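In what follows, a single structure is set out as structure tokens and then discussed.
The values are calculated or read from the model by the stated rules, or taken from the named source; none is laboratory data. The shown structure was predicted, so the numbers you read here are calculated from the model rather than taken from an experiment. Quick reminder, even Gly has a Cβ in these numbers, built from the backbone with ideal geometry, and neighbours come from all protein chains shown. With ligands, DNA and RNA removed, areas are computed over all heavy atoms of the protein, side chains included. Shrake-Rupley method; radii C 1.70, N 1.55, O 1.52, S 1.80 Å.
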Amino acid sequence: MSVAIEISFTLNGRLVSARIPPTMKTLTMLRDRFGLSGTKYACGEGECGACTIRVDGKTQNSCLMFAADCDGRDIVTIEGLKTPTGMNPVQKAFVEHGAVQCGFCMPGMIMQADYLIANNPHLTRQEAQRGLEGNLCRCTGYTKVLDAVESAVEQKCCGQC
Amino acid sequence: MQEITSYLAPRSLDEALQAMATGDVTVFCGGTDLAPQTEAGVRRYSTRLMNIRRIENLDGIEEKDGVIRIGALTTISEIRRHPLIAGAAPILAEAAEHFASDQIRNVASIGGNICNASPAGDMINPLLVLDAAVELASWADGAQQKRRVPLEHFFTSPQRTVKRADELLTSVTFRKPAADFVGRFRKSGPRPALEISTVSVGVGGNFSGGVLRNARVAFGSVAPTPLRARHVEAALEGCKLNADVISAALVAARSDAKPIDDVRASAWYRSHLLEVFLEEVLHHVRGN
Ligand SMILES: Cc1cc2nc3c(=O)[nH]c(=O)nc-3n(C[C@H](O)[C@H](O)[C@H](O)COP(=O)(O)OP(=O)(O)OC[C@H]3O[C@@H](n4cnc5c(N)ncnc54)[C@H](O)[C@@H]3O)c2cc1C
Ligand code: FES
Ligand code: FES
């Protein structure tokens, strides 16, 4: 039997701990140990972005991340984006623009869009397109995704300036 | 499922090197190469697994005495945005710009890209153009042992390097290029990102009055290792970059490249792409 690793970290604002095998990936831990099934498994190889989470403020593919590396870190999943009053503005924009078809790619797409906007309040459509390159949608709804991101940027901008 | 008897996440370089001195350890940083390779079964873990991401003072980009040093843990995202790189070695930022996706770049390390030793490793090409060297550290006689290896002599065959199993790559360094240095990079791919290079070309040198001096040319994915294209360099050295010189460089490229057929492209297509890219990059250099 491989050794078990004890880790503790912040998950969507709460301090949690887990005992996991050394090669387990973060995606598996989130889904199977914490029941957070919003983060999706699709390619399992870093190509599609369905498993995107935020680690210490930066997005990465949880399918490639060793769960043991979560120790001491601040992890946010799609479940952690919601605000006390409901969906966050990026989630709302996706719904309002009908950017969602089957929805499978959406948690990753929204995590990445939210990250892009948080880091660049004046994100252009072209920058959004480049920033979302690591997120594949097999329903190919990219135009509406970009519309949604653009409108989320506008809302954020107007609130600020 | 293979048995792993210990998982290490050292905070200091000493601790990491001491562990490596006592036998086989599988090292990872971002894990973006190691995770898919082990999942696909093309690589096995040894009984000890070591995460080097927490080692202190092994990341960051700094300049000292005219030398730029990039710590092994530095991510591709950091290189892509760093003002020192943008100012002194934009060819590295150019390669970072065309590297994977945001989610990968945020964790993929420069050390991992070099040590994975893929002929398609995208940061290797511009580092060869910058004539970089790597620093390797190990533990012996109760102290850190360090050696420097020019990047050009680091790779021996695909996934193989001169680095011993007990050595960690700690940094990559290169002389800050002079103000007249021009460097350009081009990799293949129908889209800007998430594309493993079918061919990559980097060209650099001191360029003034239309003449290229200290020409350095690197090719990726056209031989078992990333390489310096010495025949092309000789064809360009000290020459005015006119149509004749560029034609001669394209002919010389055939002596440097040893492309093969594989899942991504045929050898014929690679040779063709290489010429097209080399010509394009040389025109970019000339346009500077
Ligand atoms: C979807 C996807 C897209 C990709 N796109 C690109 C691309 O466009 N261009 C490209 O070049 N690569 C690409 N890669 C490959 C990979 O992301 C890079 O090679 C990356 O830089 C590896 O860094 P890492 O820190 O994740 O390495 P790891 O996977 O952690 O390690 C890679 C190897 O290096 C060893 N190692 C790591 N650091 C050290 C060190 N400091 N000292 C000694 N040994 C060490 C490890 O033992 C391992 O063998 C892609 C990968 C994926 C999954
Ligand atoms: S499931 Fe992780 S990138 Fe596709
Ligand atoms: S909405 Fe179906 S995969 Fe994107």
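When the stretch B:78-101 is filtered for residues that are within 11 Å of ligand 1 (Cβ to nearest atom) and either within 14 Å of chain A (Cβ to nearest Cβ) or more than 22 Å from B:G204 (Cβ to Cβ) (or both), the ones remaining, listed by number, are B:A96, B:E97, B:H98, B:F99, B:A100, B:S101.
Condition check ((1) over 15 Å from B:N125 (Cβ atoms); (2) buried (at least 23 other Cβ atoms within 10 Å of the Cβ); (3) under 18 Å from the mean Cα position of the chain (by Cα)) across all residues:
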position: B:R160; (1), (2), (3): yes, no, yes
position: B:L168; (1), (2), (3): yes, yes, yes
position: B:T173; (1), (2), (3): yes, no, yes
position: B:F185; (1), (2), (3): no, yes, yes
position: B:G202; (1), (2), (3): no, yes, yes
position: B:N206; (1), (2), (3): yes, no, no
position: B:G209; (1), (2), (3): yes, no, no
position: B:L212; (1), (2), (3): yes, yes, no
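Taking the stretch A:29-46 as the range and being under 22 Å from B:F28 (Cβ atoms), more than 10 Å from every other protein chain (Cβ to nearest Cβ), more than 16 Å from ligand 3 (Cβ to nearest atom) and open to solvent by less than 60 Å² (accessible area, probe 1.4 Å) as the test, the residues that pass are A:M29, A:L30. Counting only strands (runs of 3 or more DSSP E) that sit wholly inside the stretch B:1-77, those with at least 1 residues that are open to solvent by 10 Å² or more (accessible area, probe 1.4 Å) and of a type in the set (D, E, K, R) are B:48-51, B:61-64, B:67-71.
In the list A:G103, A:G108, which residue meets the criterion of being away from chain B (no Cβ under 12 Å) and either within 30 Å of A:D147 (Cβ to Cβ) or part of a strand (DSSP E or B) (or both)?
Every option except A:G103 fails the conditions.
Let's see how each residue does on (1) closer than 15 Å to A:M65 by Cα; (2) within 11 Å of chain A (Cβ to nearest Cβ); (3) within 11 Å of ligand 1 (Cβ to nearest atom):
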position	(1), (2), (3)
B:A9	yes, yes, no
B:F28	yes, yes, yes
B:T38	yes, yes, yes
B:R48	no, yes, no
B:E62	no, no, no
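Kindly indicate whether B:E280 is out of contact with any Leu (no Cβ under 6 Å at 6 or more places or on another chain) and either aromatic (F, W, Y) or in the same structural domain as B:F207 (by TED's automatic domain parsing) (or both). So B:E280 fits the description; yes. Looking only at residues in the stretch A:66-81 that are open to solvent by less than 20 Å² (accessible area, probe 1.4 Å) and part of a loop (DSSP other than H, G, I, E, B), the one that is farthest from B:E195 (Cα to Cα) is A:L81. A single member of A:C63, A:C48 is more than 9 Å from A:T26 (Cβ to Cβ), within 13 Å of ligand 2 (Cβ to nearest atom) and assigned to a loop (DSSP other than H, G, I, E, B), and it is A:C48. Of all residues in the stretch A:1-22, exactly one satisfies the criterion of being in contact with a helix residue (DSSP H, G or I) (Cβ under 7 Å, 6 or more places away or on another chain), open to solvent by 10 Å² or more (accessible area, probe 1.4 Å) and at the interface with chain B (Cβ under 9 Å from one of its Cβ atoms), namely A:I5. Looking across the stretch A:61-82, the residues that are within 8 Å of chain B (Cβ to nearest Cβ), touching a residue at least 60 places away in the same chain (Cβ under 8 Å) and within 16 Å of ligand 1 (Cβ to nearest atom) come down to A:N61, A:A68. Looking across A:G103, A:G57, one residue alone is closer than 30 Å to A:P22 by Cα, surrounded by fewer than 19 Cβ atoms within 10 Å (Cβ to Cβ) and not β-branched (V, I, T). It is A:G57. Pairing each residue of the stretch B:7-28 that is among the basic types (K, R) with any residue that is open to solvent by 20 Å² or more (accessible area, probe 1.4 Å), provided the two are 6+ apart or on different chains, yields C-beta distances under 7 Å for B:R11/B:R54; B:R11/B:E56.
For the structure I just gave you, tell me whether B:L169 is within 16 Å of ligand 2 (Cβ to nearest atom) and in contact with a Gly (Cβ under 7 Å, 6 or more places away or on another chain). Spelling it out, it is not the case that B:L169 is within 16 Å of ligand 2 (Cβ to nearest atom) and in contact with a Gly (Cβ under 7 Å, 6 or more places away or on another chain).
The single residue among B:I91, B:I85 that is out of contact with any Gly (no Cβ under 8 Å at 6 or more places or on another chain) and more than 16 Å from ligand 2 (Cβ to nearest atom) turns out to be B:I85.
Taking the listed residues B:A253, B:A223, B:A218, the one that is open to solvent by less than 20 Å² (accessible area, probe 1.4 Å) and at pLDDT below 95 is B:A223, with no other qualifying.
Of all the residues in the stretch A:7-39, those that are closer than 22 Å to A:G108 by Cβ and in a loop (DSSP other than H, G, I, E, B) number 9. One residue stands out in the stretch A:115-142 among those that are under 22 Å from A:G80 (Cα atoms) and away from ligand 3 (no atom under 16 Å from the Cβ): the one that is most open to solvent (accessible area, probe 1.4 Å), namely A:N119.
Each residue in the stretch B:114-134 was checked for being away from chain A (no Cβ under 14 Å) and open to solvent by 20 Å² or more (accessible area, probe 1.4 Å), and 4 pass. Filtering the stretch B:163-176 for residues that are aliphatic (A, V, I, L, M), within 14 Å of chain A (Cβ to nearest Cβ) and not in a loop (DSSP other than H, G, I, E, B) leaves an empty set.
B:V232 meets the conditions (1) surrounded by fewer than 19 Cβ atoms within 10 Å (Cβ to Cβ); (2) among the β-branched types (V, I, T); (3) outside any loop (DSSP other than H, G, I, E, B) in every case but one. The failed one is (1). For B:R44, indicate whether it is over 17 Å from B:G111 (Cβ atoms) and more than 10 Å from chain A (Cβ to nearest Cβ). Answer is yes for this residue.
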